Structures are given as C-alpha cells and as structure tokens.
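Notes for the one structure printed next.
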Amino acid sequence: MVILFISFVLAQNYPLSITEIMYDLPGKDDNYEWIEVKNVSSQNLFLKSGKSGWRLFDGSNHLFKNDLEINV
C-alpha cells in the first residue's frame, strides 16, 4: 500500500516511475533482487552515479557504478 502511494505521488511530479520491484525472497537467492523503472517524460533522462548520484537504499546504500541514460 505504501509503495503504491509513493509511486503515485512520484509519477505526478517526476519523470521516472518505478513499475516493478523484486525484493529479497527468503533462502539462497543472492543477486536476484531488481527494480524496473520507466521514463515517463518526453526526453531522455540521465542518472548520475557515485556518492552524489542516484542510489537505492535498503538498510545500506547501493550506488550506481556508472552514469545511466534512460531513453524515452
């Protein structure tokens, strides 16, 4: 419920939308977690990497290793 609300609010204000999330399931499944994002704007988006860029946080920071371009 909370994730859906956050996605709805972000979709109204930002050009990047989270469309799917695969969270950490119980058991030995390292590195199978992922998210799917969609560029909902009319232009390409550039996500900066490193400490001052985009990150995912699940109790620890996961920084993007490379800058990322998300096409329309």
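Here, each number is a calculation from the coordinates, and none is a lab measurement. This is a predicted model, so every value here is computed, not measured. Neighbour counts are summed over all protein chains in view; Cβ atoms, including those assigned to glycine, are modelled from backbone coordinates with ideal geometry.
Ordered by residue, what ³J(HN,Hα) values in Hz, to whole numbers, does region 26-33 give under the Karplus form 6.51 cos²θ - 1.76 cosθ + 1.60, where θ = phi - 60° and Gly and Pro are x?
Result, ordered by residue: x, x, 8, 9, 3, 6, 9, 7 Hz.
Count charges around residue 31 for me, please; just the other residues with Cβ under 15 Å from its Cβ, Lys/Arg as +1, Asp/Glu as -1.
Cβ neighbours under 15 Å give a net charge of -3.
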